[in-house]
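Engineer: Once you've had a glance at the structure underneath, I'll fire off some questions.
The values are calculated or read from the model by the stated rules, or taken from the named source; none is laboratory data. Remember, predicted model here, so these are calculated numbers, not experimental data. Using ideal geometry, Cβ is built from the backbone for each residue, glycine included, and neighbour counts are taken over all protein chains shown. Please note that ligands, DNA and RNA were not included when accessible areas were found on the heavy atoms of the full protein model with its side chains. Shrake-Rupley method; radii C 1.70, N 1.55, O 1.52, S 1.80 Å.
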Amino acid sequence: MNKKYAQVVIDNKASSTDKPYTYLIDSNMLDSVEEGMRVLVPFGRGNKVIKGIVINVQEDYEKKYQLKKIIDIIDDKPLISKDLIDLSIWMSKEYLSPYIDALQTVLPPGDFKEVKTNIILKELDSKVYVDLNPLEKNIVDLIKEKGGKIELEFLKGLIKNKVTNKVIRELEKKGIIETSLEIQTSIEKKYEKFAFIKDSSISYEEMLNIIGKRSYKQLEIAKYLWTRDEISIKELMTRTDSSLSTIKALERKGIIGIFEKEVYRTPIKKDIKPYEKLQLSLEQRYCVDTILESINNGEKNNKFLIHGVTGSGKTEIYLQLVEEMIKRGKETIVLVPEIALTPQTIHRFVGRFGDNVALLHSKLSFGERFDQWRKVKEGKVKIVVGARSAIFAPFTNLGLIIIDEEHESTYKSSMNPKYDTIEVAEKRCEQLGAFLVQGSATPSIESYYRSRKGDTKLLNLKKRVKDKKLPEVKIVDMREELKLGNKSIFSKELYEAIDENLKVGNQTILFLNRRGYSTFVSCRQCGYVVKCSECSISMTYHLGDNKLKCHYCGLAINPPKICPVCRSKYIKYFGIGTEKVEEFTRKFFPKAVVKRMDMDTTSRKGSHESILNKMKDEKIDILIGTQMVAKGLDFKNVTLVGIIAADTSLNLPDFRSSERTFQLITQVAGRAGRGDLEGKVVVQTYNPDHYSIQYAKDHDYLAFYNKEILLRKEFNYPPFVNLISIVIYGEDNMHVGMITRKIYNLLIENIEDSGLKDLKDSIVGPFPAPLEKIKKNYRYQIIIKSKDEYMEQLKQVIEWVCILNRNKIDLTGVKFNIDINPNSIL
Ligand code: ADP
Ligand code: ZN
Ligand code: ZN
């Protein structure tokens, strides 16, 4: 009686239960079912046959009656590994997330039910063939019949034998076949047009003659093509800076041929230049050696924080660590904040390791993502570079996880499971015995605190590479400028610095953390401010399309000509956004080439990269932008950085606003003076004496940290407590308010009952959330502060009250958004 039970998760969003279902495993399947495999199971009253995924196999189960049986096993090997399943279970508990959402993060991209296994015949020595048993021979014959490749499910349909999966696995072990995963997507195969020199017998001179001396552009294209086999038209156009019509003209003259060809879905550009290994500086060397020594000794303390000033060469450290991991046969996950915004980092990794790199992030199409995921799964690459979700890359021999710019808020997921990538990375390292390296010029207060306590090992890079200096930072008090009668967006200091920088031919970056033209529109007579009808947010005026836009829900309306409240005509536009900075920059510096880079100018695919390329080639004099220009950019010729208003993030009512301001100023300032020329930074502010601005000016992270950590302690904020934010929202304001009150009371009751008396005073609220209304929903908030030791019990209470609704209160019309240690409490 060796009956076993399998817990199977069914992707059934409609179902109200977020639990795995238990099924019986038939004896003839016993040794083929493993965790992570997909199975066919009967489901629901009608016993509809559907696909599920096994997350647990167990010897016993308390309720043995009425269990249904697994019908069939789909996979010959697990689709996902046990450690990733365990990780998803852990996340679901840790972040109070529905299990199905947590599981989704570790499943292959797309719909796991659509994944197919292809079996490919590798080699067939007749001596080996003779020794096969009849079933094996049958399988091999069938694959051969189908041209060497067959789909597993199709094969099983032909054979109808319960042990097929096992036999397949045996054959794979013997090296006779291999398997490969594939996903059906709605995306069509991708075709692209390619060009080539048509007549291969033609001589170079003949060719030029046919084109004719005066068709300069055509000549240029032909010369370019002459030395190549074929090239995609898209690439040809960018390479030769030519138009499609010029290329078509060459086709008409019979010089070139154009044909369509399927292109492999790869997000990695082919034309990335090799990135040569650099000779490490002493500081870098020490850093790499310390980490390697720990790895070699298999030390218990497997976590590092590299605090290295901007331009200290952190990337080179990562690259050389990866190289060492490859030597040891180990795999590395490299995380970057937002992959679309960090092309330079990607170029360096691909430039050094080429085909050994896969890219994983959410901006890719499903097809592209699946292809990258599969490369990892099938062991075709040793390195994954990606945004936070790449932490789930299905490596089996993971040695190292690198988290670059570890302070960035994008490492916290805002959707279920609302995980913190650093915590998940630690968990994976613990599971797999891997090492973790975090790096930043401005580590988060939490991370630095942990290295201070000794939870992670701190490594410092105090100098920029080649002894380049950190830029000089000037603070300009904008109140003084006003007093002197300067109402422009540029202070005298910044204006003159830009002017000077243009004269010597260097590049400038201007930073402002707000897009659009005017940040709010208001009536001068009655004070009315135009707000989004769906959100409690003032709308931003965008000059480009002459609309008022809500930056939360995207709603766009025509700007009012008269005040909707008092009918006056005195509608005024206030506040500056990047569009206005651009306009004024062009006005003041008409000869300069000015470009703006923010969400509005980079929505088209490739536009972001194109701006960065122009910047690199020094075709832009002044680059204006939001956060996008603050992150990781490494341009040699940028010698001036201007921060138009350092206060935008400072005035937010959030406990992290000082930290964010310090980080932003330091990071943006860090873009200046990275080449041979010294850099200068001008920071405009109305709070020149604020400590985050003063310490950023002095490049003094430690002083900032020391001040900030005291405040966090005094006001009881992370890292001294955990914050839990519970937002309750719905369309009926009164109703949501009432439910929130009920929930609050239940929380208090349950917390008391659980003996968590200490926590009673740490519940803040309920109150209308700082953003009272978003997308038509009214929002109320309860915030709980809790020490680590109470967290488990507290989460239990929240689960009872808010998720399982054990008190059975009527929750129609309201939803919950529970976030554990959120990025901000706004
Ligand atoms: P950050 O620490 O700000 O991430 P980067 O990794 O971008 O700095 O490095 C800054 C610049 O210094 C890059 O252009 C990089 O190529 C260069 N660099 C890094 N290490 C060295 C080295 N050992 N020798 C010479 N140049 C280096
Ligand atoms: Zn009015
Ligand atoms: Zn809105």
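Engineer: For region 717-747, name all the residues that are farther than 24 Å from Asn416 by Cβ and in contact with a Lys or Arg (Cβ under 6 Å, 6 or more places away or on another chain).
Structural biologist: Answer for region 717-747, where residues must be farther than 24 Å from Asn416 by Cβ and in contact with a Lys or Arg (Cβ under 6 Å, 6 or more places away or on another chain): just Phe720.
Engineer: Within region 67-77, track down each residue that is without any contact (Cβ under 8 Å) to a residue 60 or more places away in the chain and open to solvent by less than 20 Å² (accessible area, probe 1.4 Å).
Structural biologist: Within region 67-77, no residue meets the criteria.
Engineer: Of the residues Asp810, Asp758, which is under 16 Å from Gly737 (Cβ atoms) and charged (D, E, K, R)?
Structural biologist: The match here is Asp810.
Engineer: For residues that are part of a loop (DSSP other than H, G, I, E, B) and touching a helix residue (DSSP H, G or I) at 6+ places or on another chain (Cβ under 8 Å), scanning just region 524-555, find the one that is farthest from ligand 1 (Cβ to nearest atom).
Structural biologist: The initial filter retains those residues of region 524-555 that are part of a loop (DSSP other than H, G, I, E, B), namely 524-528, 530, 532-537, 539, 543-546, 550-555.
With the extra rule that they be touching a helix residue (DSSP H, G or I) at 6+ places or on another chain (Cβ under 8 Å), the set shrinks to 543-544.
Numbers: Leu543: 34, Gly544: 32 Å.
Across region 524-555, the extreme among qualifying residues is Leu543.
Engineer: Another question, if that's okay. Just to be sure before I move on: is Thr626 within 30 Å of Leu771 (Cβ to Cβ) and either touching a helix residue (DSSP H, G or I) at 6+ places or on another chain (Cβ under 6 Å) or more than 16 Å from ligand 3 (Cβ to nearest atom) (or both) in the structure I sent? Walk me through it before giving the result.
Structural biologist: On the way: within 30 Å of Leu771 (Cβ to Cβ): yes; either touching a helix residue (DSSP H, G or I) at 6+ places or on another chain (Cβ under 6 Å) or more than 16 Å from ligand 3 (Cβ to nearest atom) (or both): yes.
Yes, satisfied.
Quick grid of which residues meet (1) within 16 Å of ligand 1 (Cβ to nearest atom); (2) of a type in the set (A, V, I, L, M, F, W, C); (3) over 20 Å from Asp598 (Cα atoms):
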{"residue": "Glu500", "(1), (2), (3)": "no, no, yes"}
{"residue": "Asn513", "(1), (2), (3)": "no, no, no"}
{"residue": "Phe520", "(1), (2), (3)": "no, yes, no"}
{"residue": "Ile557", "(1), (2), (3)": "no, yes, yes"}
{"residue": "Lys561", "(1), (2), (3)": "no, no, yes"}
{"residue": "Tyr573", "(1), (2), (3)": "no, no, yes"}
{"residue": "Glu579", "(1), (2), (3)": "no, no, no"}
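Engineer: So is Asp101 touching a Pro at 6+ places or on another chain (Cβ under 9 Å), closer than 29 Å to Gln372 by Cα and charged (D, E, K, R) or not?
Structural biologist: Numbers: touching a Pro at 6+ places or on another chain (Cβ under 9 Å): yes; closer than 29 Å to Gln372 by Cα: yes; charged (D, E, K, R): yes.
Yes.
Engineer: Give me a count of the residues in region 520-548 that are within 21 Å of Leu652 (Cα to Cα) and either out of contact with any Lys or Arg (no Cβ under 9 Å at 6 or more places or on another chain) or within 16 Å of ligand 2 (Cβ to nearest atom) (or both). It would help to see each step written out before you state the result.
Structural biologist: Restricting attention to region 520-548, the residues satisfying the condition of being within 21 Å of Leu652 (Cα to Cα) are 520-522, 529-532, 535-541.
Right, trim to either out of contact with any Lys or Arg (no Cβ under 9 Å at 6 or more places or on another chain) or within 16 Å of ligand 2 (Cβ to nearest atom) (or both) and you get 520-522, 529-531, 538-539.
Qualifying residue count for the region: 8.
Engineer: Can you confirm whether Leu510 is open to solvent by 40 Å² or more (accessible area, probe 1.4 Å), touching a Ser or Thr at 6+ places or on another chain (Cβ under 9 Å), more than 30 Å from Leu723 (Cα to Cα) and assigned by TED's automatic domain parsing to the domain that holds Phe589? Can you show your working first?
Structural biologist: On the way: open to solvent by 40 Å² or more (accessible area, probe 1.4 Å): no; touching a Ser or Thr at 6+ places or on another chain (Cβ under 9 Å): yes; more than 30 Å from Leu723 (Cα to Cα): yes; assigned by TED's automatic domain parsing to the domain that holds Phe589: yes.
No.
Engineer: Name the residue that is farthest from Val521 (Cα to Cα), counting only residues in region 538-583 that are among the polar types (S, T, N, Q) and within 16 Å of ligand 3 (Cβ to nearest atom).
Structural biologist: Going through region 538-583, the residues among the polar types (S, T, N, Q) turn out to be 538, 540, 546, 558, 568, 578.
Among the residues that remain, those that are also within 16 Å of ligand 3 (Cβ to nearest atom) are: 538, 540, 558.
Values: Ser538: 8, Thr540: 7, Asn558: 12 Å.
Here the answer is Asn558.
Engineer: Counting only residues that are open to solvent by 30 Å² or more (accessible area, probe 1.4 Å) and either of a type in the set (D, E, K, R) or modelled with pLDDT of 90 or more (or both), how many does region 330-352 have?
Structural biologist: Our first condition is that a residue be open to solvent by 30 Å² or more (accessible area, probe 1.4 Å); within region 330-352, this holds for 330, 338, 340, 344, 347-348, 352.
Cutting the leftovers down to either of a type in the set (D, E, K, R) or modelled with pLDDT of 90 or more (or both) gives us 330, 338, 348, 352.
Total meeting the criteria: 4.
Engineer: Continuing with this model, one more query. So is Ile751 of a type in the set (A, V, I, L, M), buried (at least 21 other Cβ atoms within 10 Å of the Cβ), over 21 Å from Tyr729 (Cα atoms) and over 30 Å from the mean Cα position of the chain (by Cα) or not? Break it down into steps so the answer makes sense when it comes.
Structural biologist: Details: of a type in the set (A, V, I, L, M): yes; buried (at least 21 other Cβ atoms within 10 Å of the Cβ): yes; over 21 Å from Tyr729 (Cα atoms): yes; over 30 Å from the mean Cα position of the chain (by Cα): yes.
Taking the combined requirement at face value, the residue satisfies it.
Engineer: Give me the residue from region 562-609 that is open to solvent by 50 Å² or more (accessible area, probe 1.4 Å) and outside any loop (DSSP other than H, G, I, E, B) and, out of that set, farthest from ligand 2 (Cβ to nearest atom).
Structural biologist: Initially, region 562-609 is screened for residues open to solvent by 50 Å² or more (accessible area, probe 1.4 Å), giving 562, 564-565, 567, 569-570, 572-574, 583, 586-588, 590-591, 593, 595, 599-600, 603-605.
Within this subset, residues satisfying the condition of being outside any loop (DSSP other than H, G, I, E, B) are 572-574, 583, 586-588, 595.
Numbers: Lys572: 10, Tyr573: 14, Phe574: 14, Glu583: 26, Arg586: 32, Lys587: 30, Phe588: 33, Lys595: 37 Å.
Across region 562-609, the extreme among qualifying residues is Lys595.
Engineer: Moving on. So is Tyr695 open to solvent by 40 Å² or more (accessible area, probe 1.4 Å), in a helix (DSSP H, G or I) and aromatic (Phe, Trp, Tyr) or not? Even if it seems obvious, please write down each step before you answer.
Structural biologist: Numbers: open to solvent by 40 Å² or more (accessible area, probe 1.4 Å): yes; in a helix (DSSP H, G or I): yes; aromatic (Phe, Trp, Tyr): yes.
So Tyr695 fits the description; yes.
Engineer: From Gly730, Gly765, grab the single residue that is free of Cβ contacts under 8 Å to residues at least 60 places away in the same chain and either open to solvent by 20 Å² or more (accessible area, probe 1.4 Å) or within 27 Å of Ser536 (Cβ to Cβ) (or both).
Structural biologist: Numbers: Gly730 fails: free of Cβ contacts under 8 Å to residues at least 60 places away in the same chain.
Answer to the selection: Gly765.
Engineer: Of the numbered conditions (1) surrounded by 21 or more Cβ atoms within 10 Å (Cβ to Cβ); (2) under 17 Å from Tyr318 (Cα atoms), Phe395 fails exactly one; give the number of that condition.
Structural biologist: For Phe395, the exception is condition (2).
Engineer: Also, I was wondering about something else. How many of the residues in region 664-685 are of a type in the set (S, T, N, Q) and under 11 Å from Thr310 (Cα atoms)?
Structural biologist: In the first step, residues of region 664-685 are kept if they are of a type in the set (S, T, N, Q); the result is 666-667, 684-685.
Restricting the remaining residues to those that are under 11 Å from Thr310 (Cα atoms) gives 666-667.
Selection size over region 664-685: 2.
Engineer: A further question on this structure: Have a look at Lys248, Lys223, Lys277 and point out the one that is open to solvent by 10 Å² or more (accessible area, probe 1.4 Å) and not in a helix (DSSP H, G or I).
Structural biologist: Details: Lys248 fails: not in a helix (DSSP H, G or I); Lys223 fails: not in a helix (DSSP H, G or I).
Just a single option satisfies the conditions, and that option is Lys277.
Residues are listed down the side, and each one gets a yes or a no for (1) within 17 Å of His361 (Cα to Cα); (2) not aliphatic (A, V, I, L, M):
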position	(1), (2)
Val384	yes, no
Phe395	yes, yes
Gly399	no, yes
Asp404	yes, yes
His407	no, yes
Lys412	yes, yes
Leu432	no, no
Leu458	no, no
Lys474	no, yes
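Residue-wise test of (1) outside any strand (DSSP E or B); (2) not hydrophobic (A, V, I, L, M, F, W, C).
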{"site": "Ser414", "(1), (2)": "yes, yes"}
{"site": "Ala425", "(1), (2)": "yes, no"}
{"site": "Glu430", "(1), (2)": "yes, yes"}
{"site": "Thr442", "(1), (2)": "yes, yes"}
{"site": "Tyr449", "(1), (2)": "yes, yes"}
{"site": "Leu459", "(1), (2)": "no, no"}
{"site": "Leu470", "(1), (2)": "yes, no"}
{"site": "Val473", "(1), (2)": "no, no"}
{"site": "Val476", "(1), (2)": "no, no"}
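Engineer: Also, I was wondering about something else. For region 297-350, give me each residue that is farther than 21 Å from Ala387 by Cβ and part of a helix (DSSP H, G or I).
Structural biologist: Glu316, Gln320, Glu323, Glu324, Ile326, Lys327
Engineer: Can you confirm whether Tyr411 is more than 21 Å from Phe353 (Cα to Cα), within 18 Å of the chain's Cα centre (by Cα) and among the aromatic types (Phe, Trp, Tyr)? Show your work before the answer.
Structural biologist: Numbers: more than 21 Å from Phe353 (Cα to Cα): yes; within 18 Å of the chain's Cα centre (by Cα): yes; among the aromatic types (Phe, Trp, Tyr): yes.
Considered against the rule, which asks whether it is more than 21 Å from Phe353 (Cα to Cα), within 18 Å of the chain's Cα centre (by Cα) and among the aromatic types (Phe, Trp, Tyr), Tyr411 comes out as yes.
Engineer: Let me ask something else. For region 106-204, list the helices (runs of 4 or more DSSP H) that sit wholly inside it and hold at least 1 residues that are surrounded by 14 or more Cβ atoms within 10 Å (Cβ to Cβ) and under 35 Å from the mean Cα position of the chain (by Cα); which are they?
Structural biologist: 152-159
Engineer: Could you look through region 461-484, keep only residues that are away from ligand 1 (no atom under 16 Å from the Cβ) and of a type in the set (Lys, Arg), and pick out the one that is most open to solvent (accessible area, probe 1.4 Å)? I'd like the intermediate steps shown before the answer.
Structural biologist: So the first thing to find is which residues in region 461-484 are away from ligand 1 (no atom under 16 Å from the Cβ), and the list is 472-484.
Of the ones still in play, those that are also of a type in the set (Lys, Arg) are 474, 479, 483.
Numbers: Lys474: 72, Arg479: 110, Lys483: 157 Å².
So, considering only residues that are away from ligand 1 (no atom under 16 Å from the Cβ) and of a type in the set (Lys, Arg), the one most open to solvent (accessible area, probe 1.4 Å) is Lys483.
Engineer: Could you grab me the full set of residues in region 530-561 that are closer than 21 Å to Glu772 by Cβ and exposed (fewer than 13 other Cβ atoms within 10 Å of the Cβ)? Talk me through it step by step, then tell me what you get.
Structural biologist: First, pick out the residues of region 530-561 that are closer than 21 Å to Glu772 by Cβ: 530-540, 548-555, 557.
Listed by number, the residues that qualify are Ser533, Gly554.
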